[in-house]
Amino acid sequence: MSPDASPSSVWPVLHYDDTRAALRFLVDVLGFADVVAAPDEHGGIGHAELRWPGGGALVFGSTRHTDSVHGRMRAGTSAVYVVSDDVDAVHRRVVDAGGEVLEPPHETRFGSGDAAYVCTVRDPEGNLWTFGTYRGPSLA
């Protein structure tokens with residue numbers, strides 16, 4: 001985590017069928033940092049915690065684990081927005097990895113009316129990831 005980033009108080013939780021492939025995509029392609037990747041009894045990852053370089057955290061686990069409320073989640077049914085100062089670099093890594101780009105980098109406006117530069121990709125199990133410059137409404 002960068003020195004100026006505060007710890008995240010919101011942690012999205014995703015589930016994947018192939019947790020090892022998910023970890024590689026999220027770290028090697030999207031650019032998250034691997035903090036915890038605890039193996040499970042099936043040879044996959046039972047619990048993983050990742051950090052985004054600009055601040056923020058993500059948890060993921062396997063769809064094989066059905067013994068908790070999160071065990072009811074299916075793979076590929078989530079969408080996540082991630083603030084990025086270098087949307088083009090994320091896009092380039094996804095393209096270089098042969099990933100699926102749903103929307104290449106472009107200018108847009110969100111519901112707040114604020115402008116943003118964004119791109120949206122789909123991970124190998126169907127989750128949507130939008131990377132953009134929008135940091136939330138100005139509170140000034």
### Summary
Being outside any loop (DSSP other than H, G, I, E, B) and more than 17 Å from the chain's Cα centre (by Cα) narrows Thr120, Thr108, Thr130 down to just Thr108
### Message
Here is a check on your reading of the model: is Gly113 farther than 18 Å from Gly31 by Cβ and at pLDDT below 95?
### Response
yes
### Message
Pull out all pairs, ordered by first then second residue, where Cβ-Cβ is under 8 Å, the residues are six or more apart or on different chains, the first lies in the stretch 19-46 and is in contact (Cβ under 8 Å) with a residue 12 or more places away in the chain and crowded, with 17+ Cβ neighbours inside 10 Å, and the second is outside any loop (DSSP other than H, G, I, E, B) and of a type in the set (Ser, Thr, Tyr).
### Response
Thr19/Ser62; Ala22/Tyr16; Gly44/Thr19; Gly44/Ser62; Ile45/Thr19; Ile45/Ser62
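The values are calculated or read from the model by the stated rules, or taken from the named source; none is laboratory data. Since this is a predicted model, take the numbers as computed values, not measurements. So basically every Cβ, Gly included, is an ideal-geometry build from the backbone, and we count neighbours across all protein chains shown.
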